1. Considering only the stretch 85-105, state which residues are open to solvent by 70 Å² or more (accessible area, probe 1.4 Å) and under 17 Å from the mean Cα position of the chain (by Cα).
2. With 38, 48 as the choices, which residue is more than 30 Å from residue 135 (Cβ to Cβ) and surrounded by 12 or more Cβ atoms within 10 Å (Cβ to Cβ)?
3. Cβ contacts < 6 Å: first residue within 24 Å of residue 148 (Cβ to Cβ) and at pLDDT 90 or above, restricted to the stretch 70-93; second residue of a type in the set (A, V, I, L, M) and part of a helix (DSSP H, G or I), any location; separation 6+ or different chain. Result?
4. Filter the stretch 51-84 down to the residues that are open to solvent by 40 Å² or more (accessible area, probe 1.4 Å), more than 16 Å from residue 137 (Cβ to Cβ) and part of a helix (DSSP H, G or I) and list them by number.
5. In the stretch 116-129, which residues are closer than 13 Å to residue 153 by Cβ and surrounded by fewer than 16 Cβ atoms within 10 Å (Cβ to Cβ)?
6. Assess whether residue 108 counts as being under 15 Å from residue 156 (Cβ atoms) and either of a type in the set (Asp, Glu) or part of a helix (DSSP H, G or I) (or both).
7. Please state which one of 103, 154 is without any contact (Cβ under 8 Å) to a residue 40 or more places away in the chain, out of contact with any His (no Cβ under 8 Å at 6 or more places or on another chain), farther than 17 Å from residue 74 by Cβ and not in a loop (DSSP other than H, G, I, E, B).
8. Filter the stretch 130-146 down to the residues that are within 22 Å of residue 107 (Cα to Cα) and either open to solvent by 60 Å² or more (accessible area, probe 1.4 Å) or modelled with pLDDT under 90 (or both) and list them by number.
Amino acid sequence: MPFAALPLFYLLLTLICAAGLGALLLRPGAARAGVVWAVAALLPVLAAVTAALTGQASANATLSRFSAQPLTVTLVNPADGGTDARPVTLNTNDAACLERTLRLMTSTTRASLQVPGLAPIPLSAATSLEGQLPPQFITEALEVRGDLSCGIIREEER
């Protein structure tokens, strides 16, 4: 069975299980309490598996339409008497990590970008970006698939 068909299979299995539980509850005494309990306990598990497989299938479809390529962006930080602009070239995974970090940055969080061969680049809510990072939906698809590893981002204690 192809992976894309698994969410549909589990959705149908969940609906069959829900219909079976409904039938058992409409006819008291038709089944023992243990059977009703087991079917009722199985429903949330099936629903969770269905949701997870649907998310995985959606992430796979999203990433299949995206071409991974190195990206060059410039990070601009305010500095004493001006700005500090540093260009960096990142692979898709690192660029997605940077997108997520900058999107989730608040006024109280600090981090740094640790690119090999370059001095650490501080990241804060005041950091601006020149260039194009992967869109948020690509970053989220990488997260759902478990492919996003952010070794180049270091969170800093405040």
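The values are calculated or read from the model by the stated rules, or taken from the named source; none is laboratory data. What you are looking at is a predicted structure, and each value in this text was computed from that prediction instead of being measured. We place every Cβ from the backbone using ideal geometry, glycine too, and count neighbours over all the protein chains shown. Heavy atoms of the whole protein, side chains included, go into the accessibility calculation; ligands, DNA and RNA do not. Shrake-Rupley method; radii C 1.70, N 1.55, O 1.52, S 1.80 Å.
1. Residues satisfying the conditions are 103, 104.
2. 38
3. That search, which allows pairs on different chains as well, returns 71/95.
4. 51, 52
5. The answer is 120, and nothing else.
6. no
7. Of the residues listed, the single one that is without any contact (Cβ under 8 Å) to a residue 40 or more places away in the chain, out of contact with any His (no Cβ under 8 Å at 6 or more places or on another chain), farther than 17 Å from residue 74 by Cβ and not in a loop (DSSP other than H, G, I, E, B) is 103.
8. 130, 136
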